[in-house]
1. When the range 35-62 is examined, which residues are found to be touching a Lys or Arg at 6+ places or on another chain (Cβ under 7 Å) and under 20 Å from MET1 (Cβ atoms)?
2. Between a residue in the range 112-139 that is acidic (Asp, Glu) and any residue that is surrounded by 16 or more Cβ atoms within 10 Å (Cβ to Cβ), which pairs come within a Cβ distance under 7 Å, given they are 6 or more apart or on different chains?
3. Give the residues of the range 129-143 that are under 24 Å from ASP59 (Cβ atoms) and surrounded by fewer than 16 Cβ atoms within 10 Å (Cβ to Cβ), sorted by residue number.
4. Which members of the range 136-169 meet the condition of being of a type in the set (Lys, Arg), farther than 20 Å from GLY44 by Cα and at pLDDT below 90?
5. ILE146 - would you say it is assigned to a helix (DSSP H, G or I) and buried (at least 16 other Cβ atoms within 10 Å of the Cβ)?
6. Out of the residues in the range 1-33 that are surrounded by fewer than 20 Cβ atoms within 10 Å (Cβ to Cβ) and hydroxyl-bearing (Ser, Thr, Tyr), which is nearest to ALA73 (Cα to Cα)?
7. Could you run through the range 34-88 and say how many residues are among the polar types (S, T, N, Q), over 15 Å from LYS20 (Cβ atoms) and surrounded by fewer than 16 Cβ atoms within 10 Å (Cβ to Cβ)?
8. Among the residues in the range 99-106, are any outside the structural domain of THR64 (by TED's automatic domain parsing), touching a residue at least 12 places away in the same chain (Cβ under 8 Å), of a type in the set (Phe, Trp, Tyr) and over 28 Å from PHE37 (Cα atoms)?
Amino acid sequence: MLLHSYKISRTLPCLADPEKIRVIADVSDEIPEVFPFLNAVLKGCIYNHPALTLTIRKDGKLFTLHAHHITLAKIEDENEAEEILKWLKDLINETYEKRDQIEPNYSMAAELKALDIFKLLPGTNCKQCGEQACLAFAVKLVAQDIDIMKCDPLFSGEFQGKQKVLLELLRAAGYMTTSKEINP
């Protein structure tokens, strides 16, 4: 077992969403040893080996693991924070136990950029998603503040090629995507 316990040390307003909270939890043990293994088994992590941080995106939330603490962002309340911290503790310990079977990944995944997403959107500025323009939609999509499924034109037969590439890109970066893909 690598991580024995954690304790919430601070609860602050979330910088990304003022209606949510940010939680900082101190960990009982140094955990950076497991980061390259987590980076190998989880999609869409942002691993910074020199800084000894690993950021995980899950369900529109951000979890950043540091050597001595964990930061959670976009959290509803402390109950949700406790559930996530328990999940992270289990994930860290299970991955650590299986580390001999995992090829560590020391690479830093590139973060998705709004302009990269924008180029793969239909570009119709139709406002069906509730945004004023496709670029505004792309910015919200990168921040995981909107679901790709809100872009109805993308899922029409006309943009099937863009749809396939964009969904693959989002999934590879660890973004949640439901599937109503148009198949050939």
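1. PHE37
2. What qualifies is GLU131/PHE137; GLU131/LYS140.
3. Scanning the range 129-143 gives GLY130, ALA143.
4. Matches in the range 136-169: LYS162 only.
5. no
6. This residue is THR11.
7. Within the range 34-88, residues that are among the polar types (S, T, N, Q), over 15 Å from LYS20 (Cβ atoms) and surrounded by fewer than 16 Cβ atoms within 10 Å (Cβ to Cβ) number 1.
8. no
The values are calculated or read from the model by the stated rules, or taken from the named source; none is laboratory data. Everything numeric in this text was worked out from a predicted model, so none of it was measured. Note that each Cβ is placed from the backbone with ideal geometry, even for glycine, and that neighbours are counted across all protein chains shown.
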